[in-house]
Amino acid sequence: MTAQMGAIDELLRHPPYATQPGEHRPLLRAAVREAMQHHCANCPPFARWYQKQGADPHAEIEDLARVPFLPVSIFKRVALESVSERDVVRVLKSSATSSQTPSRVVLDRITRDRQMRTLAVLMSALMGSTRRPFVVLDAAAAQGADVELSARVAGLRGYLMMASETHYALDAHNGELELNADKLEDLLSGLQARQLPVCLIGYTYMLYQYVVVPLARAGRRLQLPAGSMVLHFGGWKRLERQAVDRARLNAEIEKVFAMDETCVRDVYGFTEQLGIIYPDDGHGVRLAPVYSEVIVRDPVTLEPLPDGAPGLLEFITPLPHSYPGIALLLDDMGRIVSRDREHGGRYGTRFEVLGRARGSEIRGCGDTLPEQIYQVREMARAQA
Amino acid sequence: MKIFVLFDGRTRHIEPDGDPENCPLETSPDRLVNELKAGQERLRATPVDDLIGLCDAAGRAWTQPGNEVARMVGGLAIGFLPLWLRRANLETLLAQALRGDSGAIDGFVPLAPSSKRQHRAQPRGLLVHWVAGNVPLLGMISVIQGLLTKNANLVKVSRQNAGVLPYFLAALAQVRYRRPDGKEVDGTLLTDAVRAIYVDREDSAAAALSTLADVRVAWGGREAVEAIMNLPRRFGTEDIVFGPKTSFVVVGAEKLAGETEARKAATLVARDAVALGQRGCNSPHTIFVERGGALTPEAFASLLGEELGRAARQVPPDVAPQEAFQILSWRAEYDMRGQAWYSDGVRWSVFYSDEDRGLATPCYGRTLFVRPVDDVFEVAAHCSINTQTAGLALGERRLKLAEALTARGVERCPEVGQMSLYEVPWDGMYPMDRMVRWVSA
């Protein structure tokens, strides 16, 4: 380990949220610089790209917004690894919901340990340090144990380290998922009798489609133990198609679970920067922890936008060691809500996620080619 | 289903960037059609020379410095439109479509000298146009051809850019033309036979419009035009489909003998890429460059970057965030595995890799993929009915390559720099020929 590794380690020892305005930023900048130096030294394609951006990895970083950023989709296009193959302990693939190609990132022990560490402290900050029973809004069969895990399973696994016990709310019958409401009610009653606050956790669309809707349809309302939480993640794309927004989801949850609405948290995060999560405050506003920074960029000029203006979201964190996912631009739109304004004793950048960036609407006659042509192209690429 | 009337033949009810759902409602499609038919009768009674004269007057006015419409034309990168409207062009197009005699749209003419029978092109009736939102030029080109063939025209615009076509139609209504006999006619002679509408529910409206049509004219992406073609229609309804296609450029080694000549070709390629906002089916995305010249394909790509940078000084008006994201993705990829030349922001990009083959997936936003070929004739293997225009920068091999490319499905092989010009034949047909019924007496 080089002496420069200290900045990242030091950052990771910091409490998860700033208690003074901007207190963590010098350390975050130093950690990002350290990370960039590592990736430029160990990932030749990344080094080439970084140099092309006119950036010097050894230069001090004065402004994180000036750090060259990669579009997150680069991990669908180019194999980017900053460690040798023998150091790879896991390969993550994204769910590829908005494209045909999954993203692929490799994890080494250093990256994995950092991710687990930050996830643990961020989860503790969210729900307290005492472990609690988790009820996964999925079927147990969805869990895999292969080296190549889907991001869905990998992401869920990370959360489960905060579980004192794990239960699964859904049953799988011939590939179809189904809620066993009686089983869930019995489980929750048992936990309530033991006065154990529970965490219901799962993908946003699964929470709605497989839990909330069936319970509402059956006219059932289940009592959750005091202090329980519902954590959901994975985005709103599928629910948007059903015209279900946050307010409606929360209202529906309140109908089927007897609990405080503010205990429903939408957790934002993405495969390429696992370990950093951005739970909302129950109303869609999220706070960047000290381990990362969020920047909103103009989609056309790519320059940082003033606070409040919607643009493409960029996230910067020094965590990834095995792949250069340090400064990543996403195709999600968002806006900065406030910066270094105190809220519950915490400071930092607060932001909202506004959804997936819109594509071009109906095109002219130069619209995309039929799929067959792309298939030929992909085949040619594969053969090459 | 609600029908919003954006342009009623005389008045536009929407600003160029306005919301179509704020326009007046029309509850009776039949009334619309009846009004259009009345306008069409005026057209039928007017010599086509007057109709061309009105278009020509519009084309002249819309290139005048300080003219408001000219500014709009410039802003939309459709400078081709006023040129296309000029008399010389329209007379040629019409004559080509009407078997060499544009008078056939006014009355019977002797088309076959050896025959006593005479021929005439009768308007088919009501043309319903479905126009893609991203290329407003298409709507005007479609409607003008419908008018020159003396048809009634009902144009369904997309929500995106819904106000642009009504803007140009209203401007056309304002045009005046003095005939050789001194009598003046005005643009309402044309526009009384046009209505531009927007409908809030695509499914039910589409079927209703389709059954009204004598000719269905569809411009757009694959999904859109397929949906239109699958709608019910009356027996005898003609279809004119300008579906999704892609276009490319071929640069031969003979044009890479020196930097001056290569730069000239690069300038023309850049011009084609910037025209129509690279949205047209005739806009290039892939540039095949032949090895063996004094300049390598990579060196040409570098020149092309310089020239595209000059041609694309303005920020493109309609880059969606997702598109910008795609452009950034390509940039990062080519920075890592090939070569990339690009602007600050997402004004333009040129990509090159020695390993790339075949047609690139269009990325739009003035993005060009330069791909090396050992021999320009290799390009034919990548052509099909999905490829429309091949802009050629070649010497004596031009016609021979055009033969090979068109045999595989390419529709046009103009010189590079002229890809954006709308000409006939287009997509394998003379569209105005399809807008008439040929009769004899």
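Can you list the helices (runs of 4 or more DSSP H) found entirely within the stretch A:165-256 that contain at least 1 residues being closer than 30 Å to A:Asp331 by Cβ and modelled with pLDDT of 90 or more?
On the way: elements: A:181-193, A:213-217, A:237-241, A:246-256.
Where helices (runs of 4 or more DSSP H) fall fully within the stretch A:165-256 and carry at least 1 residues being closer than 30 Å to A:Asp331 by Cβ and modelled with pLDDT of 90 or more, they are A:213-217, A:246-256.
Being surrounded by 19 or more Cβ atoms within 10 Å (Cβ to Cβ) and within 14 Å of B:Ala332 (Cβ to Cβ) is the filter here, so list the residues in the stretch A:46-66 that pass it.
A:Phe46, A:Trp49, A:Tyr50
Among the residues of the stretch B:323-339, write down those that are in contact with a strand residue (DSSP E or B) (Cβ under 6 Å, 6 or more places away or on another chain) and facing chain A (nearest Cβ under 7 Å).
Hits for the stretch B:323-339 are B:Phe325, B:Leu328, B:Ser329, B:Ala332.
Inspect the stretch B:392-409 for any residue being of a type in the set (Ser, Thr, Tyr), over 30 Å from A:Pro304 (Cβ atoms) and touching a strand residue (DSSP E or B) at 6+ places or on another chain (Cβ under 9 Å) and give the result as yes or no. Let's see the steps before the verdict.
Step one: of the stretch B:392-409, the residues of a type in the set (Ser, Thr, Tyr) are B:406.
Okay, now just the ones that are also over 30 Å from A:Pro304 (Cβ atoms), so B:406.
Keeping just the survivors that are touching a strand residue (DSSP E or B) at 6+ places or on another chain (Cβ under 9 Å) gives B:406.
So far as the stretch B:392-409 goes, yes, one or more of its residues are of a type in the set (Ser, Thr, Tyr), over 30 Å from A:Pro304 (Cβ atoms) and touching a strand residue (DSSP E or B) at 6+ places or on another chain (Cβ under 9 Å).
Here are the criteria: (1) facing chain B (nearest Cβ under 9 Å); (2) modelled with pLDDT under 95; (3) under 20 Å from A:Val294 (Cβ atoms). Tell me which single one A:Leu70 does not satisfy.
Here A:Leu70 clears every test but (2).
I'm trying to understand the selection: among the residues of the stretch B:42-52, which are surrounded by fewer than 20 Cβ atoms within 10 Å (Cβ to Cβ) and part of a helix (DSSP H, G or I)?
B:Arg42, B:Arg44, B:Asp49, B:Asp50
Give me a count of the residues in the stretch B:384-435 that are part of a loop (DSSP other than H, G, I, E, B) and over 21 Å from the mean Cα position of the chain (by Cα).
Taking the stretch B:384-435 as the starting set, the residues that turn out to be part of a loop (DSSP other than H, G, I, E, B) are B:384-386, B:394-397, B:408-411, B:413-414, B:416-425, B:427-428, B:430, B:435.
Cutting the leftovers down to over 21 Å from the mean Cα position of the chain (by Cα) gives us B:394-397, B:408.
Summing the residues that are part of a loop (DSSP other than H, G, I, E, B) and over 21 Å from the mean Cα position of the chain (by Cα) in the stretch B:384-435 gives 5.
Just give me the residues in the stretch A:274-289 being over 25 Å from A:Thr111 (Cα atoms) and in a loop (DSSP other than H, G, I, E, B), in sequence order.
A:Asp281, A:Gly282, A:His283, A:Gly284
Table: residues versus (1) modelled with pLDDT of 95 or more; (2) in the same structural domain as A:Met333 (by TED's automatic domain parsing); (3) assigned to a strand (DSSP E or B); (4) polar (S, T, N, Q).
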site	(1), (2), (3), (4)
A:Arg33	yes, yes, no, no
A:Ala65	yes, yes, no, no
A:Ser95	no, no, no, yes
A:Ala145	no, no, no, no
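For the stretch B:297-314, indicate whether the set of residues that are modelled with pLDDT under 95, within 14 Å of another protein chain (Cβ to nearest Cβ) and in contact with a helix residue (DSSP H, G or I) (Cβ under 7 Å, 6 or more places away or on another chain) is non-empty.
Checked the stretch B:297-314: at least one residue is modelled with pLDDT under 95, within 14 Å of another protein chain (Cβ to nearest Cβ) and in contact with a helix residue (DSSP H, G or I) (Cβ under 7 Å, 6 or more places away or on another chain).
Tell me, which helices (runs of 4 or more DSSP H) lie completely within the stretch B:195-312 with 1 or more residues that are assigned by TED's automatic domain parsing to the domain that holds B:Ala170? Write out each step before concluding.
Values: elements: B:202-212, B:222-229, B:259-274, B:297-311.
The qualifying helices (runs of 4 or more DSSP H) are B:202-212, B:222-229.
Going by the conditions given, is A:Asp138 more than 21 Å from A:Thr166 (Cα to Cα) and either modelled with pLDDT under 95 or within 21 Å of the chain's Cα centre (by Cα) (or both)?
Details: more than 21 Å from A:Thr166 (Cα to Cα): no; either modelled with pLDDT under 95 or within 21 Å of the chain's Cα centre (by Cα) (or both): yes.
For A:Asp138, the condition - more than 21 Å from A:Thr166 (Cα to Cα) and either modelled with pLDDT under 95 or within 21 Å of the chain's Cα centre (by Cα) (or both) - is not met.
When B:Leu83 is evaluated against the numbered criteria (1) surrounded by 19 or more Cβ atoms within 10 Å (Cβ to Cβ); (2) under 19 Å from the mean Cα position of the chain (by Cα), which criterion, by number, is the only one it fails?
Failing condition for B:Leu83: (1).
Among the residues of the stretch B:97-140, which ones are surrounded by fewer than 21 Cβ atoms within 10 Å (Cβ to Cβ) and part of a helix (DSSP H, G or I)?
Matches in the stretch B:97-140: B:Gly103 only.
Have a look at B:Leu392, B:Leu399 and point out the one that is at pLDDT 95 or above and out of contact with any helix residue (DSSP H, G or I) (no Cβ under 9 Å at 6 or more places or on another chain).
Values: B:Leu392 fails: out of contact with any helix residue (DSSP H, G or I) (no Cβ under 9 Å at 6 or more places or on another chain).
Just one listed residue meets the conditions, B:Leu399.
Specify which of the listed residues (B:Gly243, B:Gly236, B:Gly277) is within 14 Å of another protein chain (Cβ to nearest Cβ) and at positive phi. Break it down into steps so the answer makes sense when it comes.
Values: B:Gly243 fails: at positive phi; B:Gly236 fails: within 14 Å of another protein chain (Cβ to nearest Cβ).
The conditions single out B:Gly277.
Surrounded by 24 or more Cβ atoms within 10 Å (Cβ to Cβ), at pLDDT 95 or above and farther than 22 Å from B:Arg291 by Cβ, is that true of B:Thr406?
Working: surrounded by 24 or more Cβ atoms within 10 Å (Cβ to Cβ): no; at pLDDT 95 or above: yes; farther than 22 Å from B:Arg291 by Cβ: yes.
Spelling it out, it is not the case that B:Thr406 is surrounded by 24 or more Cβ atoms within 10 Å (Cβ to Cβ), at pLDDT 95 or above and farther than 22 Å from B:Arg291 by Cβ.
The values are calculated or read from the model by the stated rules, or taken from the named source; none is laboratory data. Since the structure is predicted, the reported quantities are computational estimates derived from the model, not experimental observations. Because the Cβ atoms are built from the backbone with ideal geometry, glycine has one as well, and the counts that use them run over all protein chains shown.
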